[in-house]
1. Give me the base-10 log of I(q)/I(0) for segment 59-99 at each q in 0.24, 0.26, 0.28 Å⁻¹, Debye formula, one uniform scatterer per Cα, rounded to two decimals.
2. May I ask you to sort Y118, Y131 by Cβ crowding, counting other Cβ atoms within 10 Å and putting the fewest first?
3. How would T6, T62 line up from fewest to most surrounding beta-carbon atoms within 10 angstrom?
4. Can you give the three extents of the C-alpha atoms in segment 1-136 along their principal axes, from longest to shortest, in whole Å?
5. Output wanted: per-residue J couplings in Hz (rounded whole) for segment 12-19, from phi through Karplus 6.51 cos²θ - 1.76 cosθ + 1.60, θ = phi - 60°, x for Gly and Pro.
6. Given H placed 1.01 Å from N in the peptide plane, which residues other than close sequence neighbours of I110 have an amide H under 5 Å from its amide H?
7. Please arrange F48, F25 by how many other C-beta atoms lie within 10 Å of their C-beta, fewest to most.
8. Can you work out the Karplus-derived ³J(HN,Hα) for every residue in segment 107-119? Use 6.51 cos²θ - 1.76 cosθ + 1.60 with θ = phi - 60°, whole Hz, and x for glycine or proline.
Amino acid sequence: MSKVRTIDAGEIDAWVRQLGVSFNFEVAPGLPEYTLTTIDLDRSWASFDGDRIVGTLRSFETPFTVPGPREVRAAALTNVTVAPTHRREGRLTAMMERDLRDSADRGEPIGILIAAEYPIYGRFGYGPAAYSARPRDRSRATARRTASSRGTSSTTPSPSGTACARTGC
Ligand SMILES: CC(C)(COP(=O)(O)OP(=O)(O)OC[C@H]1O[C@@H](n2cnc3c(N)ncnc32)[C@H](O)[C@@H]1OP(=O)(O)O)[C@@H](O)C(=O)NCCC(=O)NCCS
């Protein structure tokens, strides 16, 4: 069975390269170093074939507003990939189990993600939460209100993808 563990800083090149293989992008010079400044290594998982990284998955903590309204800590999932040569071997499942268990141990009551392919995630307890969203940048809204009083206006973009959530991580 595949080995799953979190990566260390020396493995970031191979980890980002695996992301590029599965999401079909070329790794730009400097991207691995930049990635290292934006991720939490304790939550960045790899699936190994021998010494080779063939799968990636990571999560990060983010504030999440629930009815009340009240803010709780959610585990946001991202960078989910398995190399085409190693799919359907249970590698995603193995990384997911480790990350969800750690999230529960940290006391994060909700898991969220924006899925490119949402049918993947139902088996892990996620369900559709929103099919589209229109984020409101309050600082721009404030600026717009101020600007419109001067006779100008602007619009905000909508992201694509399906937002999913799971409770009781
Ligand atoms: C999605 C992906 C990570 C799955 O990795 P994997 O290691 O093959 O997954 P597993 O072997 O753990 O499969 C777990 C289950 O999910 C199912 N599954 C896997 N990919 C699926 C997909 N695209 N759609 C629906 N179900 C899928 C498997 O059939 C398996 O179910 P089973 O146990 O009933 O057979 C991999 O196909 C991939 O990297 N795809 C390209 C990148 C991508 O789409 N990432 C997700 C972005 S939201």
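1. Normalising to I(0) and taking log10 leaves -0.82, -0.88, -0.95.
2. Y131, Y118
3. T62, T6
4. If we take the Cα atoms of segment 1-136, the spans are 47, 32, 29 Å.
5. 5, 4, 5, 5, 5, 4, 5, 4
6. Amide H neighbours of I110, under 5 Å, 5+ apart: A75, C169.
7. Ranked by crowding around the Cβ, least crowded first: F25, F48.
8. Values, residue by residue: x, 8, x, 9, x, 9, 6, 10, 9, 6, 10, 5, x Hz.
Each reported figure results from applying straightforward, stated rules to the coordinates on display, with no laboratory input. The structure presented is a predicted model; accordingly, all values stated were derived computationally and were not measured. Counting neighbours? That spans all protein chains shown, and the Cβs are built from the backbone with ideal geometry, glycine included.
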